[in-house]
Amino acid sequence: MRTFEDALANRLEEPGFRAEYEALAPEFAIIQAMIDARKNSGLTQKELAERTGMAQGDISKLEKGGGNPSLKTLQRLAAAMDMKLRLEFLPIHE
């Protein structure tokens, strides 16, 4: 039985797939950061929704990558978790 990691490794050998996957990396990083921040805050999606005034379904949608949150929305989420949002621009080659 193949694992997800095995299947992904095989697909990443395809140049077109690799390029698309790498292009989505920043989006995946933001999604994972939102999930990690919420969990580290000890909040459920429902609790975060209550703190922000957003619908729980909208929190779920964002965490599944089904939305395109604005900077204002990300700041609102961070504030509800007693956190601050930090955005960085980094050189491609260090």
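Figures for the structure shown
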{"item": "For q = 0.27, 0.30 Å⁻¹, Debye-computed log10 I/I(0) when each Cα of region 47-94 counts as one equal scatterer", "result": "-1.05, -1.19"}
{"item": "With eigenvalues of the C-alpha gyration tensor scaled by 5 and rooted, region 1-49, Å", "result": "30, 14, 7"}
{"item": "Top of Leu74, Leu62, Leu12 by mean-square fluctuation, Gaussian network on the chain, Cα under 10 Å", "result": "Leu12"}
{"item": "Descending Cα extents along the principal axes, the chain, whole Å", "result": "43, 38, 21"}
{"item": "Centre separation in Å (Cα based) which lies between region 1-45 and region 48-84", "result": "19"}
{"item": "Residues of region 1-70: accessible area per residue with a 1.4 Å probe, Å²", "result": "71"}
{"item": "Protein accessible area in the chain, 1.4 Å probe - carbon and sulfur %", "result": "55"}
{"item": "Charge dipole of region 19-68 about the Cα centre (unit charges at C-beta), most positive-ward option of Ala33, Met54, Gly67", "result": "Met54"}
{"item": "Listed peptides 23-30, 38-45 by packing density, highest first (mean Cβ within 10 Å)", "result": "38-45, 23-30"}
{"item": "Probe 1.4 Å - accessible area at Leu71, Å² to nearest ten", "result": "90"}
{"item": "Accessible area, probe 1.4 Å, largest first, for residues Met83, Met54", "result": "Met83, Met54"}
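The values are calculated or read from the model by the stated rules, or taken from the named source; none is laboratory data. Remember, predicted model here, so these are calculated numbers, not experimental data. We place every Cβ from the backbone using ideal geometry, glycine too, and count neighbours over all the protein chains shown. Accessible surface is based on the protein model in full, side chains and every heavy atom, while ligands, DNA and RNA are left aside. Shrake-Rupley method; radii C 1.70, N 1.55, O 1.52, S 1.80 Å.
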